[in-house]
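Okay, structure first, notes after.
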Amino acid sequence: MAADWVNYHHLLYFWMVAREGSISAACEKLHLAQPTISGQLKKLENQLGGQLFDRVGRELVLTDLGRTVLRYANEIFTVSEELRGALRGEASGRPARFHVGIPEVLPKLIAFRLLRPLMELDPAIQLVCHEGAQSHLLGMLATHELDVVLSDAPISASASVRAFNHPLGQCEVGLFGTAEQVAPFRLGLPESLKDAPILLPALGTTLRNSMEKWLLQSEIPVRVVGEFDDTALMKVFAEAGFGLIPAPMAIEQEIREQFSLELLCRIPQANEHFYAITVEKKLRHPCVVAISEAAAELFSGGDRAAL
């Protein structure tokens with residue numbers, strides 16, 4: 001509906017005030033009277049349902065809503081200027097932006113290995129990473145705010161979002177800890193893990209489910225001393241010696257080098273699967289193709305024997 005559209009001129013006046021720092025400075029730039037800009041700002045605030053600025057002394061300070069609107073306004077008017085340049089036959093020096101959704105539970109080292117080749121593409125792209133709950137990221141994918149969501153769990157057939165799973169690969173899961181932590185448990189595995197301190201990813205994650213299934217089948221009464229939404233933070237606690245952690249074997253070398261953790265054992269029948277989720281049925285975007293190629297290399301290691 002037309003009534004829901006944001007007035008372009010109102011947004012321009014707001015953008016100029018935010019950039020210049022005051023209404024009077026924006027008036028000089030736009031060659032307009034102060035009541036005109038003040039009135040248009042009020043109309044924009046009414047349309048958006050909140051204040052864009054707070055007055056602190058003589059200064060105008062952006063509200064949370066104002067900062068959000070400014071972020072989009074910057075994008076809109078930058079693209080607008082590029083459009084005018086393109087119509088004049090001028091080349092844009094701005095790299096294309098590629099937006100990636102990364103769930104909090106996805107190992108950051110895996111995400112880095114998959115995305116690193118994008119930084120070397122020609123022509124160059126600007127990588128924009130968004131982190132959050134997978135459900136939120138899939139909503140952003142549906143509204144085309146994201147180009148792809150990387151995940152360790154496929155989107156279900158019952159999801160309200162129409163998107164497609166593109167399997168990237170799989171790898172075994174290992175149990176890691178500091179040298180001091182793993183030493184007492186090396187002999188007599190897995191029974192030796194009785195009462196071992198364990199750090200686990202959040203409930204409901206695929207890695208957590210794999211660990212709980214193994215522990216239940218093995219009848220090993222471990223001590224869960226911490227649960228984490230963010231697996232990177234979990235590794236930091238493991239590095240400090242607070243417990244053993246499960247992690248994908250595909251990044252074993254990075255875990256050893258970056259966190260000084262050693263592999264205690266591989267977990268039987270536990271495999272991490274990884275996916276690129278897009279709204280396209282076939283992989284066409286060059287960045288998603290590059291991710292797929294990086295995954296083929298990352299997960300190409302042969303199967304190794306577990307416990």
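Bear in mind that the values in this text are calculations on the coordinates, not laboratory data. It should be emphasised that the depicted structure is a prediction, and the values quoted were computed from it without experimental measurement. All Cβ positions, glycine included, derive from the backbone under ideal geometry; neighbour counts span all protein chains shown.
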Computed FRET efficiency, Cβ-Cβ of residue 216 and residue 56, R0 51 Å: what is it to the nearest 0.05? 0.35
With 5 Å bins from zero, work out the P(r) of the stretch 158-280 over every alpha carbon pair and list the percent per bin. 2, 11, 20, 24, 20, 11, 6, 5, 2, 1
Choose one of 13, 141, 151: the residue whose Cα lies farthest towards the positive end of the charge dipole of the chain (beta-carbon charges +1 Lys, Arg; -1 Asp, Glu; about the Cα centre). 13
Evaluated at 4 °C and 1.567 mPa s, the Stokes-Einstein D of the stretch 2-87 based on the Kirkwood radius over Cα pairs, in µm²/s, stands at 97
In terms of modelled amide H atoms, which long-range or inter-chain residues lie less than 5 Å from the amide H of residue 53? 63
What are the ³J(HN,Hα) couplings of the stretch 105-122, residue after residue, when phi is run through the Karplus curve with 6.51, -1.76, 1.60 and θ = phi - 60°? Round to Hz, x for glycine and proline. 7, 6, x, 5, 5, 5, 4, 4, 5, 6, 9, 3, x, 5, 6, 10, 5, 10
Loop-located GluC sites (Glu not before Pro) in the stretch 197-244, at most 14 other Cβ atoms within 10 Å (DSSP): 219
Note: the chain at 10 °C, 1.306 mPa s; Kirkwood Rh on alpha carbon pairs; Stokes-Einstein D in µm²/s works out to 69
Order the peptides 245-255, 165-175 from the highest to the lowest mean number of other Cβ atoms within 10 Å of their residues. 245-255, 165-175
For the stretch 264-278, Karplus-derived ³J(HN,Hα) couplings (6.51, -1.76, 1.60; θ = phi - 60°; whole Hz; x for glycine and proline) come out as 8, 6, 8, 8, x, 6, 9, 10, 9, 10, 10, 9, 9, 10, 9
Karplus couplings for the stretch 222-237 from phi (6.51 cos²θ - 1.76 cosθ + 1.60, θ = phi - 60°), rounded to Hz, Gly and Pro as x? 7, 10, 7, 9, x, 10, 9, 6, 9, 5, 5, 5, 4, 5, 5, 5
Given N residues in the stretch 58-200, what is its alpha carbon radius of gyration divided by 2.2 N^0.38 Å? 1.55
Check residue 153: other-chain or 5+ apart residues with amide H under 5 Å from its amide H, H built from backbone geometry? 275
Trypsin sites (Lys or Arg not before Pro) restricted to the stretch 89-182 and DSSP loop, no more than 16 other C-beta within 10 Å: 162
